[in-house]
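Colleague: Below: one structure in structure tokens.
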Amino acid sequence: MLTTTLSDFRKDIKSYFDRVTESFDTLIINRGKDSGVVIMSLEEYNSLKSTQHELSSRKNQQRLDESIESLRAGKKVYKDLAE
């Protein structure tokens, strides 16, 4: 996680954007006491939104938990993908 001030961010915006997109770092720009802005890559944002969607309903959460437990217990199912 990167942290900077608004002044430093303004001085080198491109460099900060490059670091965020290339290394999947999250950038926090402090704007005073208990205030700030978070910048992340689009790929990271989409990943977070996808996870949020997958966990958005109790039923989805239960299915995911059951799948994880099955894998941990050694219960695996292999399926061929349809072409």
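Computed from the coordinates by the stated procedures, all read-outs in this text should not be read as laboratory data. Only a predicted model underlies this, so the values are computations on that prediction, with no experimental measurement involved. Ideal geometry is used to build each Cβ from the backbone, glycine not excepted, and the neighbour counts take in all protein chains shown.
Per-residue answers, yes or no, for (1) touching a strand residue (DSSP E or B) at 6+ places or on another chain (Cβ under 8 Å); (2) among the hydroxyl-bearing types (Ser, Thr, Tyr):
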| residue | (1), (2) |
| --- | --- |
| Thr4 | yes, yes |
| Asp8 | no, no |
| Lys14 | no, no |
| Lys33 | no, no |
| Val37 | yes, no |
| Glu43 | no, no |
| Ser50 | no, yes |
| Ser56 | no, yes |
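Colleague: State which residue is nearest to Lys14 (Cα to Cα) when the search covers only segment 27-45 and only residues that are surrounded by 11 or more Cβ atoms within 10 Å (Cβ to Cβ) and either in contact (Cβ under 8 Å) with a residue 40 or more places away in the chain or not aliphatic (A, V, I, L, M) (or both).
Modeller: Of everything passing the filter in segment 27-45, Ser41 is nearest to Lys14 (Cα to Cα).
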